[in-house]
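Take a look at the structure set out below.
Quick note: the coordinates plus some simple rules give every number you see, no bench work behind them. Computed from a predicted structure; not experimentally measured. Heads up, the Cβs are rebuilt from the backbone with ideal geometry, glycines too, and the neighbour counts pull from every protein chain shown.
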Amino acid sequence: MKPMIAPSILSANFAHLEDDVKAAEKGGADYFHLDIMDSHFVPNISFGPWIAKTMKGITDVPLDAHLMITRPREYIPKFVDAGVELIYPHIEASHDVYRTVQLITDLGAKAGITLNPGTPIAEVEPLIDLVDSVLLMSVCPGFGGQKFISSNMKKISDLRKMLEEQKPSVRIAVDGGVNRRNIKALYEAGADFFIAGSAVFRTDDIEGEVRALKAALK
Ligand code: DX5
Ligand code: ZN
């Protein structure tokens with residue numbers, strides 16, 4: 001599968017969001033990643049569904065929403081209405097996550113599912129038939145700019161093995177500490193959807209950084 005790069009606008013400069021987004025788009029961003037935080041599921045607050053509408057006014061690049069929130073089903077319809085193509089709730093956020101994922105597909109969006117660093121991949125097995133993508137957190141969610149947790153490398157290859165037997169079309173996304181030095185190894189381990197916040201936006205050359213991430217995969 002062709003690898004994809006999804007810059008996370010959490011690290012963009014909101015004083016000139018449009019310029020940052022356009023630069024990442026020029027560099028070849030395949031998705032834009034929206035980090036939604038509620039201060040309950042994670043110790044931080046970011047932005048709500050309005051950010052998707054704002055982004056739709058800036059770019060035609062598809063959007064994914066990473067829901068770090070405790071009541072995802074209340075908000076999923078709002079993100080779908082705002083035009084988000086792919087939604088990643090957390091498996092740890094609700095006891096009835098199957099229902100959450102079903103709601104996403106019933107509303108016509110692509111469903112992903114996210115696992116925190118401490119959640120074993122076996123938990124995702126019953127959901128595989130419903131999802132397009134599994135997102136493995138490689139930092140504790142809540143903040144950009146953290147260091148990649150190295151045990152995630154084995155988790156990626158173990159999940160790839162599991163998917164090969166069950167549903168090879170499912171993408172593996174990695175979020176947290178992704179940069180041009182580690183992206184190739186993550187790709188070789190079996191990931192193919194790379195979310196990068198600070199590596200892209202905390203730089204002077206946003207367009208060049210997206211290009212560099214893509215070039216590092218070759
Ligand atoms: C963390 C978020 C990430 C974050 C990644 O809770 O889910 O998407 O923005 O930022 P970097 O790439 O800086 O680790
Ligand atoms: Zn994220």
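Just one of (1) in contact (Cβ under 8 Å) with a residue 40 or more places away in the chain; (2) out of contact with any strand residue (DSSP E or B) (no Cβ under 7 Å at 6 or more places or on another chain); (3) within 21 Å of LYS110 (Cβ to Cβ) fails for ASP175. It is (2). Would you be able to say whether some residue in the range 164-176 is under 16 Å from the mean Cα position of the chain (by Cα), within 16 Å of ligand 2 (Cβ to nearest atom) and among the basic types (Lys, Arg)? Yes, the range 164-176 has at least one match.
So, ALA122, is that one farther than 27 Å from TYR75 by Cβ, among the hydrophobic types (A, V, I, L, M, F, W, C) and without any contact (Cβ under 8 Å) to a residue 12 or more places away in the chain or not? It is true that ALA122 is farther than 27 Å from TYR75 by Cβ, among the hydrophobic types (A, V, I, L, M, F, W, C) and without any contact (Cβ under 8 Å) to a residue 12 or more places away in the chain. All of ALA23, ALA65, ALA29 fail the test of being over 18 Å from the mean Cα position of the chain (by Cα) and within 15 Å of GLY197 (Cα to Cα), apart from ALA23.
Looking across LEU34, LEU10, one residue alone is under 17 Å from LEU115 (Cα atoms) and in contact with a strand residue (DSSP E or B) (Cβ under 6 Å, 6 or more places away or on another chain). It is LEU34. With respect to the stated conditions, ILE45 is among the aliphatic types (A, V, I, L, M), without any contact (Cβ under 8 Å) to a residue 12 or more places away in the chain and within 13 Å of ligand 1 (Cβ to nearest atom).
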